[in-house]
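First the structure, in the form of structure tokens, and then the observations on it.
Computed from the coordinates by the stated procedures, all read-outs in this text should not be read as laboratory data. These figures come from a predicted structure and were not determined experimentally. Heads up, the Cβs are rebuilt from the backbone with ideal geometry, glycines too, and the neighbour counts pull from every protein chain shown.
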2 protein chains.
Amino acid sequence: MADNYCVIMAGGSGQRFWPASRKALPKQLLSIEPDLTLVQATLQRVPKEIGPERTIIITNASQVAALKAQVDLPDANIIAEPLGRDTAPCIGLAAKIIQKRSPDAVMAVMAADHVIRPTAVFAEELCCAMDFAARSQGIVTLGIKPTEAATGYGYIHLGEVAEGAICQVQAFKEKPQKPQAEQFLADGGYLWNSGIFIWPVARILDEIATHLPKLSLSLEDLDEDIDTDRFDSRLKEVFPTLEKVSIDHGVLEHADNRFCLKTTFVWDDVGSLAALARHNEQDENGNTKLGDVVALDTSSCIADNRSDGILALLGVEDLIVVRTGDAVLVAKRGQEEQVKNLVAKLEQDGRGEFL
Amino acid sequence: MADNYCVIMAGGSGQRFWPASRKALPKQLLSIEPDLTLVQATLQRVPKEIGPERTIIITNASQVAALKAQVDLPDANIIAEPLGRDTAPCIGLAAKIIQKRSPDAVMAVMAADHVIRPTAVFAEELCCAMDFAARSQGIVTLGIKPTEAATGYGYIHLGEVAEGAICQVQAFKEKPQKPQAEQFLADGGYLWNSGIFIWPVARILDEIATHLPKLSLSLEDLDEDIDTDRFDSRLKEVFPTLEKVSIDHGVLEHADNRFCLKTTFVWDDVGSLAALARHNEQDENGNTKLGDVVALDTSSCIADNRSDGILALLGVEDLIVVRTGDAVLVAKRGQEEQVKNLVAKLEQDGRGEFL
């Protein structure tokens with residue numbers, strides 16, 4: 001493990017958590033569980049053997065300041081994308097940086113906005129996957145045992161057992177429709193794709209060279225600027241020229257020698273405001289109250305008022321209410337996926353001051 | 001009309017409009033209709049012949065500053081009660097002040113928190129009542145034709161016609177239970193008591209002397225301090241010693257020579273937040289939106305955001321949402337009467353900073 005790396009992707013715009021999340025303060029910089037923000041909790045899950053010197057966060061330029069206020073990493077380990085180009089360029093860039101610093105490293109890449117418990121189990125299973133990736137030179141993904149026929153996640157079709165809890169991957173399946181999701185759940189041979197990947201940097205860069213040759217050339221072009229003063233300005237030149245493509249579509253679906261580790265930790269991708277109820281306590285009426293909230297004759301509400309001032313609920317049920325300094329959202333529970341439509345409307349109406 | 005007076009009682013605490021209303025900013029200092037606040041609209045209804053020199057507002061000490069920012073009256077015409085003692089002391093004091101300035105005056109007394117339309121009809125009918133009070137030396141009240149079997153108002157049982165739209169009063173009836181209210185409505189001989197009274201100052205002071213002799217003595221005691229530098233400090237001495245009693249119970253129920261003018265204006269006592277819907281326009285989904293409000297898939301809501309910042313509603317119906325600088329209320333429509341319970345709870349919990 002001596003020279004392995006963790007990469008945390010923290011560039012999401014987090015529209016679904018509006019008004020708490022903003023362009024400059026996305027979901028991963030908010031607290032969903034008590035105490036830590038999502039990115040802080042993600043950092044805490046990085047195995048101790050890796051440590052901050054070999055942990056890299058990739059974010060976008062507009063969020064660097066808010067991120068640096070929350071995390072304690074060397075400046076050279078906080079990479080600011082000038083603009084988002086999906087996961088393949090992001091991961092390719094991280095792999096290139098790591099390769100330059102530690103050519104034989106295995107890297108793990110994960111999102112900054114997941115809730116995972118317990119930390120120790122995650123760290124142990126991640127180390128197991130990194131060890132296997134080093135020995136096999138394989139592409140390893142962490143699979144989650146499905147608890148429902150979710151249509152919001154990709155699935156992994158498992159093949160034969162490779163070793164212990166690690167299986168071959170037969171196929172990555174895109175987010176399914178409900179009937180197919182139910183089939184996957186009943187079959188038992190499918191896991192949710194957590195989006196947490198582990199591989200030797202040399203291996204993933206080879207795969208990028210094979211399947212995304214233009215991206216590979218651009219990364220080669222950046223190579224001599226890595227860890228120099230020129231790096232940020234070179235990123236600003238190169239990034240806008242890159243094709244938007246995900247690592248799943250661009251690389252993983254076409255690769256072989258793929259594996260999946262069946263994990264045992266609890267995993268939640270915190271897709272919407274409903275997550276606040278999953279990760280905080282409820283009062284005797286089923287209300288999730290964060291911050292200064294007074295509720296009378298009120299049940300099954302999520303009320304988030306983690307700012308100065310007061311939020312009062314009277315005779316209501318099944319609502320999500322979020323109060324921030326300059327904005328309030330009142331939504332019906334079950335409509336939380338539509339918060340992004342509201343944000344789109346604000347964008348359309350030229351209300352950028354609230355985005 | 002040359003030396004007649006109007007008295008506006010503006011001392012209510014307006015708990016039912018929380019969080020827009022506060023101890024220092026009660027309902028009468030808020031706008032319910034577009035543009036004017038309730039007290040400003042009340043002032044605008046005072047007949048021109050009376051004018052600001054003979055218009056007196058009685059408020060309480062904690063509201064004087066906010067009131068003076070809204071109205072343009074001589075300082076001597078804004079009277080600050082050190083504490084509330086119900087309407088008999090308030091009206092007695094006003095009568096005493098007016099008597100000193102203009103012994104033969106007729107005074108009209110009205111609340112600052114009613115919505116009345118049209119202004120011209122009100123002014124005309126008020127002048128008619130003042131003229132009749134001067135000629136008859138009677139106690140005249142303005143009656144409102146009931147539009148429903150309301151249980152929130154007192155009723156006036158009409159007697160024989162005295163002159164034009166003015167009848168004798170057989171009895172003042174307290175707020176009835178529903179069956180009695182329905183009986184009143186069906187009978188046709190009962191009007192709502194608007195709480196707007198007109199009488200010669202000499203007459204009401206005589207009635208107070210007869211029915212509330214202790215109050216009368218206290219007012220006599222204040223007489224020589226009226227319109228002097230000593231007045232405010234003397235009020236602070238005398239007011240706490242006065243008995244809390246309403247003009248209705250303390251005087252009017254026992255008096256004779258009482259009349260009621262059947263008015264034709266539209267009258268609303270703005271008892272709760274529901275009034276915002278009655279006095280503002282609705283959008284195509286039945287939403288009443290004041291200030292910066294964005295609503296998606298939302299119907300039949302009252303959303304009041306007349307402050308900086310934004311209020312967004314998503315997929316909700318039948319809610320009342322009020323956003324102010326430091327507080328938000330989300331209540332079910334139909335529960336607006338319970339807002340006072342919420343305020344009581346805040347008081348109980350020691351949350352004075354929000355009251």
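A few remarks follow.
- Taking the range A:5-268 and dividing mean pair separation by its residue count, relative contact order in percent (alpha carbons under 8 Å, at least six apart): 25 percent
- Local electrostatic count, A:Asn77, Cβ distance below 15 Å [Lys/Arg +1, Asp/Glu -1]: -2
- Anisotropy class of the range A:231-302 from Cα gyration tensor, a/c 1.5 cut: oblate
- Peptide A:15-21, shielding by other chains (average Cβ, 10 Å cutoff): 1
- Most fluctuating residue given options B:Ala277, B:Ala129, B:Ala295, as computed from a GNM of chain B linking Cα atoms under 10 Å: B:Ala295
- Counting only lysines at least 8 places from B:Lys214 when in the same chain, those with an alpha carbon closer than 21 Å to its own are B:Lys96, B:Lys100, B:Lys236, B:Lys244.
- At most 13 other Cβ within 10 Å, DSSP loop - trypsin sites (Lys or Arg not before Pro), the range A:218-297: A:Arg230, A:Lys244
- Calculated [θ] (222 nm, deg cm²/dmol) that DSSP helices of n ≥ 4 give over chain B, each run adding -39,500 (n - 2.57): -8500 deg cm²/dmol
- Under 16 Å from B:Lys345, Cα to Cα: lysines that are on another chain or at least 8 residues apart: B:Lys23
- Ordering B:Phe231, B:Ala24, B:Val343 by the projection of their Cα atoms onto the charge dipole of the protein assembly as shown, which places +1 on the Cβ of Lys and Arg and -1 on the Cβ of Asp and Glu, puts B:Val343 at the extreme positive end.
- With respect to chain A, whose longest principal axis is taken over its alpha-carbon atoms, helix A:339-348 is tilted by about 90°.
- GluC sites (Glu not before Pro) restricted to the range B:72-165 and DSSP loop, no more than 14 other C-beta within 10 Å: B:Glu148
- Residue among A:Ala20, A:Ala105, A:Ala171 with the largest mean-square fluctuation in a Gaussian network model of chain A, springs linking Cα atoms under 10 Å: A:Ala171
- Couplings 3J(HN,Hα) for the range A:190-200, derived from phi with the Karplus relation 6.51 cos²θ - 1.76 cosθ + 1.60 (θ = phi - 60°), are 10, 10, 5, 8, 6, x, 9, 10, 9, 6, x Hz, where x marks Gly and Pro.
- Debye, to nearest 20: dipole size of the range A:5-268, +1 on Lys, Arg Cβ, -1 on Asp, Glu Cβ: 600 debye
- Protection-proxy order for peptides A:54-63, A:202-211, each taking the mean of Cβ atoms within 10 Å per residue, highest first: A:54-63, A:202-211
- At 7 Å out from Cα toward Cβ: A:Asp268 inter-copy label distances (nm, ascending): 4.4
- Note on the protein assembly as shown: Rg/Rh from Cα positions, Kirkwood definition for Rh, rounded to two decimals, is 1.18.
- Applying the Karplus relation 6.51 cos²θ - 1.76 cosθ + 1.60 with θ = phi - 60° to the range A:319-331 yields 3J(HN,Hα) values of 10, 10, 10, 10, 10, 10, x, 10, 8, 9, 10, 10, 10 Hz, where x marks Gly and Pro.
- Every Cα-Cα pair of chain A was included, and the share exceeding 35 Å stands at 25 percent.
- Cut-off under 5 Å, modelled amide H: who pairs with A:Ile196 long-range: A:Leu142
- Amide H to amide H, with H built 1.01 Å from N, A:Gly159 comes under 5 Å of A:Gln168, A:Val169, A:Gln170, counting only residues 5 or more places away or on other chains.
- Angle between chain B longest axis and helix B:87-101 axis [Cα atoms, degrees, rounded to 10]: 50 degrees
- Between B:Gly291, B:Gly250, B:Gly271, the Gaussian network model of chain B with springs among Cα atoms under 10 angstrom shows the greatest mean-square fluctuation at B:Gly291.
- Rounded to the nearest 20 debye, the dipole size of the protein assembly as shown about its Cα centre is 280 debye, using +1 on the Cβ of Lys and Arg and -1 on the Cβ of Asp and Glu.
- Residue-by-residue Karplus 3J(HN,Hα) for the range B:33-42, coefficients 6.51, -1.76, 1.60, Hz, glycine and proline x: 7, x, 6, 7, 6, 4, 5, 5, 5, 5
- Nearest-first distances (nm) between copies at B:Ala120, label 7 Å from Cα via Cβ: 8.4
- For peptide B:321-328, the mean count of partner chain Cβ atoms within 10 Å of a residue's Cβ comes to 5.
- Helix A:178-187 and the longest principal axis of the Cα set of chain A meet at an angle near 60°.
- Long-range amide H partners of B:Arg306 with built H, under 5 Å: B:Arg323
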